[in-house]
Amino acid sequence: MTDSSSAGLSPRRYQLTHWQAERLAASYADLRADPRYAAATRFFLEDLYGPYDFSKRDREGERIVATMHKMLPASAVRPLERALQLNRLTRSLDDALEQMLFVEMGVEQIDLTSYCEAYRRCDNLAARIEQIEEVDVLGRELDRVVRKPLVQLALRMARGPAHLAGLGELQDFLERGFAAFLAMGHAAPFLEQIKRRELIYLDRINARDPDPFRVIED
């Protein structure tokens, strides 16, 4: 993923997604530094939450999931469908947060105080919990399928046809996710850490904790 991918974002959306990406990078620096979890952490931080314009990939995905089903086993396509569902939810949450920050609150530069205040004012706790749950489900789906040799073979064989069909960005997304989870081995400890931390951060924000993203002790 390159910085040029951010070109399609408005300045406000880039500021928001960049701030959130920096927060996530700090929150999961320990996992990114762990050789076992490094690739999976990068996949989540860059391919799902990075400050990039994913609109082309998502438009392709929404339009041609049926085509991907013809090229890959259903179990290999389900993580893509789950990721697209997660991205739709994330976009709607970011739309609301951007509106709250820059329009209703008049923020010019996001900081911790303004971010958390806008987060609370959006009053969408149920959707935020759903977002955390969707990340967990996506990870567990990937974990189930990556070790199936036939799925791995089908994904490799789909590379050429996918790029010829203009689906290269989607294919690369799937390959990065599969490679990251295959390198990690069983993903349960990794996914449990993400879910646990994000729920704690969410609770802290709603409790008006002045430092909600401080390190969580195991």
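The values are calculated or read from the model by the stated rules, or taken from the named source; none is laboratory data. Because the structure is a prediction, the values reported are computed rather than measured. With ideal geometry, Cβ positions are generated from the backbone for all residues, glycine too; neighbour counts draw on all protein chains shown.
Looking only at residues that are buried (at least 18 other Cβ atoms within 10 Å of the Cβ) and farther than 22 Å from Ala96 by Cβ in the stretch 10-31, which one is farthest from the chain's Cα centre (by Cα)?
Restricting to residues being buried (at least 18 other Cβ atoms within 10 Å of the Cβ) and farther than 22 Å from Ala96 by Cβ, the top hit is Leu31.
Does the stretch 103-151 hold any residues that are polar (S, T, N, Q) and surrounded by 14 or more Cβ atoms within 10 Å (Cβ to Cβ), and which are they?
Within the stretch 103-151, Ser114, Asn124, Gln131 qualify.
Taking helices (runs of 4 or more DSSP H) that do not extend beyond the stretch 103-218, which have at least 1 residues that are at pLDDT below 90?
Those helices (runs of 4 or more DSSP H) span 125-145, 149-157, 159-164, 168-184.
Using the structure shown, decide if Met68 is among the aliphatic types (A, V, I, L, M), at pLDDT below 90 and not in a helix (DSSP H, G or I).
On the way: among the aliphatic types (A, V, I, L, M): yes; at pLDDT below 90: yes; not in a helix (DSSP H, G or I): no.
Judged against the criteria, Met68 is not a match.
What about Asn124, is it in contact with an Asp or Glu (Cβ under 8 Å, 6 or more places away or on another chain) and free of Cβ contacts under 8 Å to residues at least 40 places away in the same chain?
Considered against the rule, which asks whether it is in contact with an Asp or Glu (Cβ under 8 Å, 6 or more places away or on another chain) and free of Cβ contacts under 8 Å to residues at least 40 places away in the same chain, Asn124 comes out as no.
Does Arg63 satisfy the criteria of being basic (Lys, Arg), at pLDDT below 75 and over 14 Å from the mean Cα position of the chain (by Cα)?
yes
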